[in-house]
Amino acid sequence: MNFKKSFTVDEIKKKLEHYCVYQDRCHKEVETKMKEYHLIPEAKEIILLHLVQSNFLNEERFAKSFARGKFRIKYWGKQRIVRELKFKNISAYNIKTALKEIDELEYLNTIYRITENKNTIIKEENVFKRKRKLIDFLMRKGYESDLIYKTVNEIVS
């Protein structure tokens, strides 16, 4: 037989507090997690309100740490970060605030560095094909096209 363990609202509240403490979360992630517990709408409301009021759930903090992390660890460009934050239903205001976490000089140095690194890996001899591969790589990373073309043209000549 398959028995589902049931939890009290307080137990679920504690579980979700730990979920939010372990890593910054957005509302969408917490709501998805809550579906596992098959809560009634009133209980969901109570728990969400508690998490927000107790500062376990903070959309602005989430957006800032998401932007910093994806840029510094995965070297994502601003467009990719914006796209992913929109997918997580983050407000335009919080997205704008999150992008301020990325230092402009560090951003330019990063696109330059990852382009140079990728350029050394690419085995393509044809200059146009090499540029195309670099451009595609940087587009996937989410950098702005004008910045991509400028960087690629400086590195591959």
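In the stretch 54-65, what residues are of a type outside the set (Gly, Ala, Ser) and either in a helix (DSSP H, G or I) or surrounded by fewer than 16 Cβ atoms within 10 Å (Cβ to Cβ) (or both)?
Step one: list which residues in the stretch 54-65 are of a type outside the set (Gly, Ala, Ser), which gives 55-62, 64.
Asn55, Glu59, Glu60, Arg61, Phe62, Lys64 - these are the residues of the stretch 54-65 that are of a type outside the set (Gly, Ala, Ser) and either in a helix (DSSP H, G or I) or surrounded by fewer than 16 Cβ atoms within 10 Å (Cβ to Cβ) (or both).
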Q: Residue by residue through the stretch 102-120, note down the ones that are among the acidic types (Asp, Glu) and more than 16 Å from Asp146 (Cα to Cα).
A: Asp103, Glu106, Glu116
(Q) So the check is Cβ under 8 Å with 6+ separation or different chains; which pairs have a first residue in the stretch 1-13 that's within 23 Å of Leu51 (Cβ to Cβ) and among the aromatic types (Phe, Trp, Tyr) and a second one that's modelled with pLDDT of 90 or more and outside any loop (DSSP other than H, G, I, E, B)? (A) Phe7/Lys15
Q: Would you check which residues across the stretch 71-121 are surrounded by fewer than 16 Cβ atoms within 10 Å (Cβ to Cβ) and aliphatic (A, V, I, L, M) and list them?
A: Ile73, Ala92, Leu105, Leu108, Ile121
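When the residues of the stretch 23-47 are filtered to those that are assigned to a helix (DSSP H, G or I) and touching a residue at least 60 places away in the same chain (Cβ under 8 Å), which remaining residue is farthest from Asp10 (Cα to Cα)? Step through it out loud before you land on a result.
The initial filter retains those residues of the stretch 23-47 that are assigned to a helix (DSSP H, G or I), namely 27-35, 41-47.
Next cut, touching a residue at least 60 places away in the same chain (Cβ under 8 Å) only: 27-28.
Working: His27: 19, Lys28: 21 Å.
Going through the qualifying residues, I end up with Lys28.
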Q: Report whether or not Arg140 is of a type in the set (Lys, Arg) and crowded, with 17+ Cβ neighbours inside 10 Å.
A: no
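Given the residues Leu39, Leu51, Leu16, which is the only one that is surrounded by 13 or more Cβ atoms within 10 Å (Cβ to Cβ) and touching a Cys at 6+ places or on another chain (Cβ under 8 Å)?
Values: Leu39 fails: touching a Cys at 6+ places or on another chain (Cβ under 8 Å); Leu16 fails: touching a Cys at 6+ places or on another chain (Cβ under 8 Å).
One residue alone meets the criteria, Leu51.
Here are Val9, Val30: which of them is more than 18 Å from the chain's Cα centre (by Cα) and among the β-branched types (Val, Ile, Thr)?
Values: Val30 fails: more than 18 Å from the chain's Cα centre (by Cα).
Exactly one residue qualifies, and that residue is Val9.
The values are calculated or read from the model by the stated rules, or taken from the named source; none is laboratory data. Only a predicted model underlies this, so the values are computations on that prediction, with no experimental measurement involved. Please note: Cβ atoms are built from the backbone with ideal geometry, for glycine as well, and neighbour counts cover all protein chains shown.
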